[in-house]
Amino acid sequence: MNVAIETRDEFAVEVKGTVGFPFVDHPKFETRHVNVSYGDKQAIFDVGLDIGDKQIIAMIGPSGCGKSTYLRCLNRMNDTIPICRVSGEFKLDGEDIYADSQDPVLLRARVGMVFQKPNPFPKSIHDNVAYGARLHGLASNRSELDDIVEKSLTRAGLFKEVKDDLHRPGTGLSGGQQQRLCIARTIAVDPEVILMDEPTSALDPIATALIEELMTELSEKYSIAIVTHSMQQAARVSHRTAYFHLGKLVEVNDTNTVFTNPEHKLTENYITGRFG
Amino acid sequence: MEIGQHISQKYNEALETLRNQVLKMGGAVELQASNALKALLERDDELAELVATSDYKINKMEVEIDEECAQIIARRQPAAGDLRLLLATAKLVTDLERIGDEAEKIGRYAIKLAKKDTVMEMHAELSHLGELVLDMLHGSLDCFARMDADQAMNIVSEDDKIDKEFDALSRLLITHMMEDPRNIKNVLRVIWCARALERMGDHAQNICEYVIYLVKGKDVRHTSREQVRERYFAAEEKSK
Amino acid sequence: MKNTDIIRASLKRRYAKERRFRFYGFASIVVSVLFLLVLIVSISLKGYPAFQQTYIKVDITVDPVTLGISNTYDKNALFNANYAKLMRTSLQAMFPEVAGRKQKRALKQLVSRFAAYDLRDRVVDNPDLIGTRQSFWFVAKDDIDVFMKGGINRNLPESDRRIKDFQLEWIDQLERGGRLEKRFNRTFFTSGDSREPEQAGIKGALKGSVLTMLVTLLLSFPIGVAAAIYLEEFAPQNNRWVDIIEININNLAAVPSIVFGLLGLAVFISFFGVPRSAPLVGGLVLTLMTLPTIIIASRAAIKSVPPSIREAALAVGASKVQTTFHHVVPLAMPGILTGTIIGMAQALGETAPLLMIGMVAFVADIPQTITDPSTVLPVQIYLWSDSPERAFMERTSAAIMVLLAFLVIMNFIAVLLRKKFERRW
């Protein structure tokens, strides 16, 4: 009975070009012809993708498909890995971020990152959030700094829970609270783009739901790119979804399309759990 | 598109079971429909009685299949093709159940008409309409079984045939009613049977539309045939 | 359930093994503690008498004639008067029956040679004493002191003893007169080294050690930590030169300490002309010795800081230097401090290299700056242990006790500092 009547594309690893809409009008971040390799091993093959302004784009795909590597290119975190070689065009608001004249420190103040395992500094909650702001001189006196801390914690949905003692160590919070603290720390420097690398994979369902809700709120002000292993998470929070497969970008479409009627067979297979 | 080959064996089995249940229901409904027609045409009141009292089985199947769909959706969060399969199945069984209801109606009228001659005078036309409808029903279920959107499209295009037959039959029946007022009651019964048959045809077409949605991912309900062909099938032809 | 049976059979043996292992561990601890106790107890027993000093009360008529001065208010004259003679005559006054050259000399040696200077200081401070009759307590000679502490057995035949019978009589007489007393030995802590055991103290060596440690700490800590930070965070990885440097640093830790002494002698003293036997050159030599320890420990501490902290700091927009100094180094501090204290403790106890640079000399003065000649505690211990006088034996042990106390305090400070810096992540 299992007669395959429709085959849109060969069920093969050969991916010729990206289907869907990888590029958008007025993107926040434009990337073209991105190739990344670790020493001899190439991890990303000729990827072209736009990050939309004040939108959430989710990057999904099986393990080792290059989505985290791609994400880390966007704030030049791959610079810290000596054997990693990045080539291609990366334009944030039209400016090449890999140009010699560009300072990665400044870039990272505009493009923040939240990691998979919550990593608050071993300082107090207040100092955690204030660190970035203090570093970049965003507050001219103590009360302004406190203001920034309070606003960031509120926006991260954490203020109510910690406001009675902001000088507790950040590491004493629960996992979900710690991750929200890291998010507060990131938004305290008022970035334009927030990158999230599997932000809830280490958290329980309720903490996950809180953070997803937070993401939706944050997307009104920031452009967000998230890498996730959970397709349901991508389906819940993102506006656009990009599917990576073995270092190539297979399909990019708005999330509704990807999850009801994806264009590429590989995408369909991954989403329905047929492989990967 | 293939149902099977998920990584989860249980998921595969669940979908297989579901499909088999639908086909089984389809078979039962086909049987009801053909029996109803036979009972009407051959004035077999025992068969008619059987048809009229067997509808509960089909209703039961509808409930079971809907329940299955709900469970699979809850447990598997299906997406893309799997999601469309489940949505289409849920709608499909509704239409099948309605076909069963129409067959039951025909059965009940057939019981009454079995003792009269009325049917003999329009036997050929009724038979013709009935055949068309049964073919369409069979064809639509076949499309579902084979996930054949092209064939489904073809079937959908043939709905005017049924309309034409029904119109012809209606004219004939009106003539009969005008000829002899004593016929009116029974002729009305026949008209209602014909109507039931025409409705079965509509439902069979719905089933074909669901198959197109399932396979192509496009909802073609309430769209004219020309537009559907133009938009979705012509493009396929071009790209092949 | 075959597996369960197999496992159950093996359990008995496994538990027995565990019990044995725990016993060995416990036994090891007991043995170590025992050794430690034996060491501490034996040293304490030998050393504690040194904290007491025998004093003799002598009646002195401060007679200006004996002193040989006329003007009792001339400071200079007072200072240079003949106090030795005054002391002698006072003692003779106490024991009038003493005759004969030998006995008279022995009488003079009841009190320490420095007692005369002690007397001088009192008179100079208070000239009104002149013409009065006073009783002063003076430090007894080391033989008397040793005898009073039971170091000389009076039952031995006279030829086998240092204290002769006539001296015994004097001692008994003094005791009967309540003129012999044991007091806390402040001299031990207030004076420098001396040929006379009763006047010898560790203040010079202590201060020398402190100054040397200070120089070592101030030089080795910044250099060592900075080197470790550079090698771990900033040096290019897989670079041949960096690897060579690393290998050399690791090897330096194994070089015998006396080699550093030779180096110090040849380079610092001969070539650069740094004053010999000064805490400065001692500190320089010990710095060279301690650097590898500090570098290795600091590198390990820095390496153990989880990369997630670095990533978090970078992601917020900190530069590499800011990440290192705001986050990595504070987190690595406990390990760095531990390494430093270990290095310092080793350096504190080092004798061989310091001997090479001249600290073996007899230095009686207490060093004031890091360029004054000085000695350090371990060297002082070595020197005293070499001396023949009986009284130095107990002082050696007492000095060892002081050295150990010094080490304990240093470790204690280290533990406090560690606790202060310790964070949980």
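Nothing in this text is a laboratory measurement; each read-out follows from the coordinates by a stated rule. A quick note: this is a predicted structure, and the numbers were derived from the prediction, not measured. Cβ coordinates were reconstructed from backbone atoms using ideal geometry, including for glycine residues, and neighbour counts include every protein chain displayed.
Data for the structure
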item: Inter-chain Cβ neighbour average for residues C:315-328, partner chain, 10 Å; result: 6
item: Mean projection area, nm², convex hull over Cα of the protein assembly as shown; result: 67.7
item: Per-pair calculated FRET efficiency, R0 = 51 Å: residue A:260 and residue B:192 via Cβ, rounded to 0.05; result: 0.80
item: Of all DSSP beta bridges in the range A:187-276, antiparallel share, percent nearest 5; result: 55
item: Where labels lie 7 Å past Cα in the beta-carbon direction, separation of residue C:322 and residue B:42 in nm; result: 9.1
item: In range of the label at residue C:237: residues from the range C:292-308 whose backbone nitrogen is under 13 Å from the point 7 Å along Cα→Cβ; result: C:307
item: Chain C: equivalent-ellipsoid semi-axes (sqrt of 5 x gyration tensor eigenvalues, Cα, Å); result: 58, 31, 19
item: Cα centroid separation - the range B:79-158 against the range C:25-46, whole Å; result: 100
item: Alpha-carbon centroid distance for the pair the range A:34-59 / the range A:248-276, whole angstrom; result: 17
item: Value of relative contact order over the range A:141-264, rounded to a whole percent, pairs C-alpha under 8 Å and six or more apart; result: 18
item: Using a Förster distance of 56 Å, the FRET efficiency for residue C:132-residue C:153 (Cβ separation, nearest 0.05); result: 0.85
item: Protection-proxy order for peptides C:277-283, B:123-129, each taking the mean of Cβ atoms within 10 Å per residue, highest first; result: C:277-283, B:123-129
item: Simple spin-label estimate for residue A:25 and residue C:262 in nanometres, 7 Å along Cα-Cβ; result: 8.3
item: Total formal charge among the other residues, if their Cβ is under 11 angstrom from that of residue C:52, Lys/Arg +1 and Asp/Glu -1; result: +1
item: Total charge dipole magnitude, the protein assembly as shown, about the Cα centre, Cβ charges on Lys, Arg, Asp, Glu only, Debye to nearest 20; result: 6840
item: C:105, B:229 arranged by Cβ crowding within 10 Å, fewest neighbours leading; result: C:105, B:229
item: Estimated inter-spin distance, residue A:146 and residue A:229, nm [label 7 Å along Cα→Cβ]; result: 4.3
item: Residues C:190, A:260, sorted so that the one with the fewest Cβ neighbours within 10 Å comes first; result: C:190, A:260
item: C-alpha long axis of helix B:55-76 to longest principal axis of chain B, angle in °; result: 10
item: Likely footprinting exposure, A:70, A:243, C:73, B:213, fewest C-beta neighbours within 10 Å first; result: C:73, B:213, A:70, A:243
item: Under the Debye formula (equal points on every Cα, no solvent term), log10 I(q)/I(0) of the range C:138-218 at q = 0.19 Å⁻¹; result: -0.88
item: Gained length - residue C:160 relative to residue C:37, 0.36 nm times residue gap less alpha-carbon distance; result: 40.8 nm
item: Cβ-Cβ FRET estimate between residue A:275 and residue C:226, R0 fixed at 60 Å, reported to 0.05; result: 0.65
item: Farthest toward positive dipole pole in the range B:1-72 [+1 Lys/Arg, -1 Asp/Glu at C-beta], among B:58, B:72, B:23; result: B:72
item: Reciprocal of mean inverse Cα separation for the range B:1-148 (Kirkwood radius, Å); result: 16.6
item: Ellipticity estimate at 222 nm from DSSP helix runs (n ≥ 4, -39,500 (n - 2.57)) divided over chain C, nearest 500; result: -19500 deg cm²/dmol
item: Spin-label proximity, residue C:253 to the range C:335-371 - amide N less than 19 Å from point 7 Å beyond Cα toward beta carbon; result: C:335-350
item: Cα centroid of the range A:115-135 to Cα centroid of the range A:193-215, whole Å; result: 17
item: Chain C, relative contact order in percent, only Cα pairs under 8 angstrom and at least six apart counted; result: 19
item: Potential lengthening between residue C:4 and residue C:409 on full extension [0.36 nm per residue; Cα-Cα distance subtracted]; result: 140.3 nm
item: Reach of residue A:163 by Cα under 17 Å, taken over aspartates and glutamates that are not fewer than 8 positions away in the same chain; result: A:127, A:144, A:146, A:147, A:150
item: Members of A:123/C:419; A:221/C:303; A:248/B:91; C:320/C:420 lying beyond 27 Å, as alpha-carbon distances in this model show; result: A:221/C:303; A:248/B:91
item: Under the Debye formula (equal points on every Cα, no solvent term), log10 I(q)/I(0) of the range A:75-213 at q = 0.13, 0.19 Å⁻¹; result: -0.60, -1.11
item: Relative contact order %, chain B, counting alpha carbon pairs below 8 Å whose residues are six or more apart; result: 24
item: Rounded to 10°, Cα long-axis angle of helix C:2-47 versus longest principal axis of chain C; result: 20
item: Ratio of the Cα radius of gyration of the range C:1-108 to 2.2 N^0.38 Å, where N counts its residues; result: 2.79
item: Dipole of the protein assembly as shown [Lys/Arg +1, Asp/Glu -1 at C-beta], most positive-end residue of C:264, B:87, A:55; result: C:264
